[in-house]
């Protein structure tokens, strides 16, 4: 496992700690969850866009086949 060091303003750190406490996780776990969610977004967004295009053009694809 790798380590990353970031500089964060005090007010953001307080909000992170409050959120982590409310969720019953450490700050590290909370940040990692956020990073994982961010990394998943492009995949989800691309899949949603692809599904939309295929659905929207389904009739056209049928006629071209």
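The values are calculated or read from the model by the stated rules, or taken from the named source; none is laboratory data. Computed from a prediction, not measured in an experiment: that's the story for all the values here. Neighbour counts are summed over all protein chains in view; Cβ atoms, including those assigned to glycine, are modelled from backbone coordinates with ideal geometry.
Identify the residue in the stretch 13-38 that is in a helix (DSSP H, G or I) and either modelled with pLDDT under 80 or over 20 Å from residue 3 (Cα atoms) (or both) and, among all such residues, is nearest to the chain's Cα centre (by Cα).
Taking the stretch 13-38 and keeping what is in a helix (DSSP H, G or I), we get 13-23, 27-38.
Next, only the ones that are either modelled with pLDDT under 80 or over 20 Å from residue 3 (Cα atoms) (or both) stay: 14-15, 18-19, 21-23, 38.
Numbers: 14: 22, 15: 19, 18: 21, 19: 17, 21: 21, 22: 20, 23: 18, 38: 3 Å.
Of everything passing the filter in the stretch 13-38, 38 is nearest to the chain's Cα centre (by Cα).
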Q: Could you please find all residues in the stretch 42-61 being within 26 Å of residue 1 (Cβ to Cβ) and surrounded by 10 or more Cβ atoms within 10 Å (Cβ to Cβ)?
A: 44
Q: Kindly list the number of the only condition in (1) part of a helix (DSSP H, G or I); (2) within 20 Å of the chain's Cα centre (by Cα) that fails for residue 6.
A: (1)
